[in-house]
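Peer 1: I'd like to ask some things about the structure below.
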Amino acid sequence: MRTIGRHKSLTCSPSDIADLTQAQLYEMNQRLLEESMESERPLISPPEATSVLRNEYSNSPDFLAQIETLINRGYKIIIRAKGDGDCFYRALAFAYLDRLMRSTGHSNDRLAATTDMLAKAGFDECVYDQPYEMLQSLAQLRASRTNAREELWQSFTDPATSNYIVMYMRLLTSAQMRIDEQFADFLFDPESQMQTSVDDFCRRFVEPLGKEADHVQVAALAQALDVHVKVAYLDGHAADGQVNFVDFSENASHGGDPLVLLYRPGHYDILQKNA
Amino acid sequence: MASVSSRRLRKELSEIHVEGCPCGIKLISADDFETWFFSIEVLGESLYQGEVFNLMFRFDANYPISSPAVQFVVDKDHQAPIHPHVYSNGHICASILGTEWSPVLSVTAVCVTLQSMLASCKAKERPVDNDRYVRTAPDNPKKTRFQYHGETIRSHATQENVS
């Protein structure tokens, strides 16, 4: 969620600072403060009550109304992902593995099939084999085992594991877009707004870590994992507190409740009904 | 257990030994999983006909999540190619080594990209801020925040170096 442009605006020389108005200085201070808080935030935070979001929007009645709607619909828990550009991939992977860990049927078949998909998309085995091993070992965790949730959470807060899981999710997203022709017509360079090729889009906006996910990437990863993903938009746009939910792969064969993400402009977190 | 980074590099190296390097690229040395050297030349017609350059790759423990530090070798026997995106100290301004690095890229893929960067060069000239940059450049090019431009624009680095 931290864009390059934002960083640039913070690196002005002393003479630039003198030219800023009080309001601009205040805004810059706020951003610096937010960024420093953001840098200390764990990659995946422990579960919190969704009501903590009220603190962030105490002056925005439209947002507060939407937060109440979410709570009333049963989304009582929020698990936050760090805003480092990888939040969508990290959040979805965590939600996916957490659900797998707690499900009774627990079939890892779909994950096992993903390596074939990566090979078909042209990725070299030495690129994905180790990330896949890490993902598989987390997919073996069972809620019945003591400390399984703690172990999953620890793995996601440790960059040495967590970033490889993000990498694998990015590879899957890229593979889905490369294999599935329906994506080709919807790819735009987010910088120039010009249409671009699947290869160019994947190389520049999917495969590198730190590049934020847009609608297209969400759709592709939901398909690749064959899971129903539901995204709740907390945007303050509806005065009556209505929350827009957007479904991806609603008819996924991988049954069970959808994985629910909370979207705020530029950022994804996880929503859950039960802790 | 060997680290992820060294296991990945071991596999890349064994692929190089089995399949060989792409045309125009040769492995000079890879004695450990920290520093590798390659020679690189542009085959066919180009502004660099007959010139051979050496590339140095330095890997940290976070490779391939973090990019390798890649630069042309500059010493008494080697010079950096004269190119709008290559500084005379060997540092290279290329997005794939910075914000567009991805763990999908291998060492040989980086070599090939740099080779084609040279092959498509239209005018042999240094980046606009070459002298200023080289005076204050850090040892490791990854500490520089480069500004990336299209092929036609000569590079420049931002004044401050990232920590």
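Quick note: the coordinates plus some simple rules give every number you see, no bench work behind them. Because the structure is a prediction, the values reported are computed rather than measured. Virtual Cβ from ideal backbone geometry, glycine too; neighbours counted across all protein chains shown.
Peer 1: Kindly identify the stretch A:43-272 as rounded, prolate or oblate by the Cα gyration tensor criterion: order the square roots of the eigenvalues as a ≥ b ≥ c, call it rounded if a/c is under 1.5, otherwise compare a/b with b/c, prolate if a/b is larger, else oblate.
Peer 2: oblate
Peer 1: Let me ask another. How far apart, in nanometres, would the label points at B:V52 and A:I77 be if each is projected 7 angstrom from Cα along the Cα-to-Cβ direction?
Peer 2: 6.2
Peer 1: Only counting other Cβ atoms within 10 Å, I'd like A:K76, A:K82, B:K124 sorted with the fewest neighbours first. Provide the component values of the computation, followed by the final result.
Peer 2: On the way: A:K76 18, A:K82 23, B:K124 11.
Result, fewest neighbours first: B:K124, A:K76, A:K82.
Peer 1: Something else: If each of B:N89 and A:N59 carries a label point 7 Å out from its Cα toward its Cβ, how far apart are those two points in nm?
Peer 2: 4.5
Peer 1: Let me ask something additional. So if I take the alpha carbon set of the protein assembly as shown, get Rg, then get Rh from the Kirkwood formula, what is the Rg over Rh ratio?
Peer 2: 0.99
Peer 1: Decide, for the stretch B:4-149, between rounded, prolate and oblate: order the square roots of the alpha carbon gyration tensor eigenvalues as a ≥ b ≥ c, take rounded if a/c falls under 1.5, and otherwise choose prolate if a/b is larger than b/c, else oblate.
Peer 2: oblate
Peer 1: Something else: Report the extension gain between A:D200 and A:R41 in nm, rounded to one decimal, defined as 0.36 nm multiplied by the number of residues separating them, less their alpha carbon distance.
Peer 2: So the chain would gain 54.0 nm between A:D200 and A:R41.
Peer 1: Between B:L13 and A:D257, what FRET efficiency comes out of the Förster formula 1/(1 + (r/R0)^6) with R0 = 35 Å and r the beta carbon distance, rounded to 0.05?
Peer 2: For R0 = 35 Å, the calculated efficiency reads 0.15.
Peer 1: Assuming 0.36 nm per residue, please report the length gained on full extension of the stretch A:E181 to A:T157 beyond their Cα-Cα distance.
Peer 2: 5.1 nm
Peer 1: Can you flag which of A:K82/A:K211; A:K211/B:K11; B:K26/B:K142 are past 18 Å Cα-Cα?
Peer 2: Values: A:K82/A:K211 13 Å; A:K211/B:K11 27 Å; B:K26/B:K142 24 Å.
Too far apart for the 18 Å limit: A:K211/B:K11; B:K26/B:K142.
Peer 1: On to the next question. Separation between the A:H215 and A:D247 pseudo-spin-labels, each 7 Å from Cα along Cα→Cβ, expressed in nm?
Peer 2: Between A:H215 and A:D247, the simple spin-label model gives 1.8 nm.
Peer 1: Follow-up. Using 0.36 nm per residue of separation minus the Cα-Cα distance, give me the extension gain between B:T35 and B:S120 in nm, one decimal.
Peer 2: Numbers: separation 85, 0.36 × 85 = 30.60 nm, distance 2.76 nm.
Length difference between fully extended and current span is 27.8 nm.
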